[in-house]
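Quick one: structure below, then a few questions.
The values are calculated or read from the model by the stated rules, or taken from the named source; none is laboratory data. No experiment lies behind these values; they were computed from the predicted model shown. FYI the Cβ positions are ideal-geometry reconstructions off the backbone, even for glycines, and counts take in every protein chain you see.
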Amino acid sequence: MARTYSALAALLSYPTAETAALMPSVMQALALDGIVPLKLVRRLAPLARELERGDLYELQARYVDLFDRTRSLSLQLYEHVHGESRDRGQAMVELLKLYSAHGLELTAKELPDHLPVFLEFLSQRPPQEAAALLGQAAHVLEALRERLRKREAPYALVFDALVSIVEADRNPEALKALMQEPDDNPNDLEALDRAWAEEQVTFGPDQVGCPKADMLKRMKGSAA
């Protein structure tokens with residue numbers, strides 16, 4: 001099992017005191033696994049330090065602005081592939097079956113297409129299989145990276161790492177189509193209200209899709 005995926009899941013999770021405590025183990029796992037190029041691991045160090053030592057309320061506000069208030073930066077993978085169509089529901093069912101077949105059972109609050117959840121699942125699979133599964137979302141990862149770069153958000157570096165794992169599986173045409181979708185402005189409150197009118201948005205440490213318990217267990221084990 002590759003701890004790299006759990007480490008990247010921790011970096012992309014809602015900041016809490018618990019995730020802050022994981023950051024030394026996160027960097028250790030990334031360095032020791034050797035899946036992400038070392039130069040990228042080094043570039044992630046400032047973000048990890050910020051998540052470990054920064055003001056928690058400021059970190060949480062930034063996270064919410066980026067990933068919860070900005071639909072084009074949603075960490076729900078199928079949001080970018082299927083939107084709110086029925087196809088998304090069927091895809092979620094199939095992903096849940098895949099998780100269950102390999103012994104991963106989610107809580108009622110966890111959505112299977114939430115990126116940290118997906119990465120936690122990949123951490124339990126053989127490296128080749130994990131990289132192949134991640135490769136199926138390569139165009140989504142790259143689109144999120146480009147949008148985060150546009151905002152000069154340090155989380156773009158996490159997506160640099162993810163894209164480096166699936167470099168061979170990138171699909172330029174799929175990426176081009178995705179990048180043509182409108183990019184939300186988190187400060188346009190009226191547009192955001194319209195976009196989320198039919199959805200419940202949950203903020204905070206109990207947000208849907210945060211695999212905190214499994215992640216804490218796995219990262220603590222990597223530090224032993």
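Residues are listed down the side, and each one gets a yes or a no for (1) crowded, with 20+ Cβ neighbours inside 10 Å; (2) touching a Pro at 6+ places or on another chain (Cβ under 9 Å); (3) of a type in the set (A, V, I, L, M, F, W, C):
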| site | (1), (2), (3) |
| --- | --- |
| Lys109 | no, no, no |
| Pro112 | yes, no, no |
| Leu115 | yes, no, yes |
| Leu122 | yes, no, yes |
| Ala130 | yes, no, yes |
| Ala137 | yes, no, yes |
| Val140 | yes, no, yes |
| Leu144 | yes, no, yes |
| Arg149 | no, no, no |
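Let me ask you something else. Based on this model, can you work out whether Tyr57 counts as within 16 Å of the chain's Cα centre (by Cα), closer than 23 Å to Leu73 by Cβ and either modelled with pLDDT under 95 or assigned to a helix (DSSP H, G or I) (or both)? Break it down into steps so the answer makes sense when it comes.
Values: within 16 Å of the chain's Cα centre (by Cα): no; closer than 23 Å to Leu73 by Cβ: yes; either modelled with pLDDT under 95 or assigned to a helix (DSSP H, G or I) (or both): yes.
When the stated conditions are applied, Tyr57 does not pass them.
Conditions (1) over 14 Å from the mean Cα position of the chain (by Cα); (2) within 21 Å of Lys109 (Cβ to Cβ), marked per residue:
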site: Arg3; (1), (2): yes, no
site: Glu18; (1), (2): yes, yes
site: Lys39; (1), (2): yes, no
site: Ser74; (1), (2): no, yes
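Those residues that are loosely packed, with under 12 Cβ neighbours inside 10 Å and either in a loop (DSSP other than H, G, I, E, B) or modelled with pLDDT of 90 or more (or both), I need them from segment 79-106; list them, please.
Within segment 79-106, Gly83, Glu84, Ser85, His102, Gly103, Glu105 qualify.
If you don't mind, there's one more thing I want to ask. Looking only at segment 141-191, how many residues end up being among the small types (Gly, Ala, Ser) and modelled with pLDDT under 55? Before the answer, list the steps.
Narrowing segment 141-191 to residues among the small types (Gly, Ala, Ser): 143, 153, 156, 161, 164, 168, 174, 177, 191.
Next cut, modelled with pLDDT under 55 only: 168, 174, 177, 191.
Residues in segment 141-191 being among the small types (Gly, Ala, Ser) and modelled with pLDDT under 55: 4 in total.
Is there a residue being out of contact with any strand residue (DSSP E or B) (no Cβ under 8 Å at 6 or more places or on another chain), on the phi > 0 side of the Ramachandran plot and free of Cβ contacts under 8 Å to residues at least 60 places away in the same chain anywhere in segment 124-144?
Here is the first cut: in segment 124-144, the residues out of contact with any strand residue (DSSP E or B) (no Cβ under 8 Å at 6 or more places or on another chain) are 124-144.
Narrowing the set further to residues that are on the phi > 0 side of the Ramachandran plot leaves none.
Among the residues of segment 124-144, not one is out of contact with any strand residue (DSSP E or B) (no Cβ under 8 Å at 6 or more places or on another chain), on the phi > 0 side of the Ramachandran plot and free of Cβ contacts under 8 Å to residues at least 60 places away in the same chain, which makes the answer no.
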